[in-house]
1. State all residues of segment 17-32 that are within 19 Å of the chain's Cα centre (by Cα) and outside any loop (DSSP other than H, G, I, E, B); if no residue qualifies, say none.
2. What are the residues in segment 38-62 that are farther than 17 Å from Thr5 by Cβ, open to solvent by 100 Å² or more (accessible area, probe 1.4 Å) and assigned to a helix (DSSP H, G or I), if any?
3. Just to check your reading of the model, which residue among Arg37, Arg28 is touching an Asp or Glu at 6+ places or on another chain (Cβ under 9 Å), without any contact (Cβ under 8 Å) to a residue 60 or more places away in the chain and not β-branched (Val, Ile, Thr)?
4. Select, from Leu35, Leu14, the only residue that is assigned to a helix (DSSP H, G or I) and surrounded by 12 or more Cβ atoms within 10 Å (Cβ to Cβ).
Amino acid sequence: MKSKTIDWPAYIQLMEQLLNVPLDDARRKELEVHLTRMAALAEPLMDFPLPQRQEVAGVYKL
């Protein structure tokens, strides 16, 4: 999988507006650090190759 560059400050600003959750500059910066770390941790999992015919979990409906 190709590594994508994400503009975390823009993402945080958009989510802040959509969710109506105002953040101060210190919180925005800390959130950016956490999102960057989580993206780095997820990268090896996203790069893991899966067979074309991977079975999916069951779907339960009421």
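The values are calculated or read from the model by the stated rules, or taken from the named source; none is laboratory data. Computed from a prediction, not measured in an experiment: that's the story for all the values here. For neighbour counting, all protein chains shown are included, and Cβ atoms are generated from backbone atoms with ideal geometry for every residue, glycine included. When the accessible area is computed, the model is the full protein with side chains, heavy atoms only, and any ligands, DNA or RNA have been set aside. Shrake-Rupley method; radii C 1.70, N 1.55, O 1.52, S 1.80 Å.
1. Gln17, Leu18, Leu19, Arg27, Arg28, Lys29, Glu30, Leu31, Glu32
2. Leu45
3. It is Arg28.
4. Every option except Leu35 fails the conditions.
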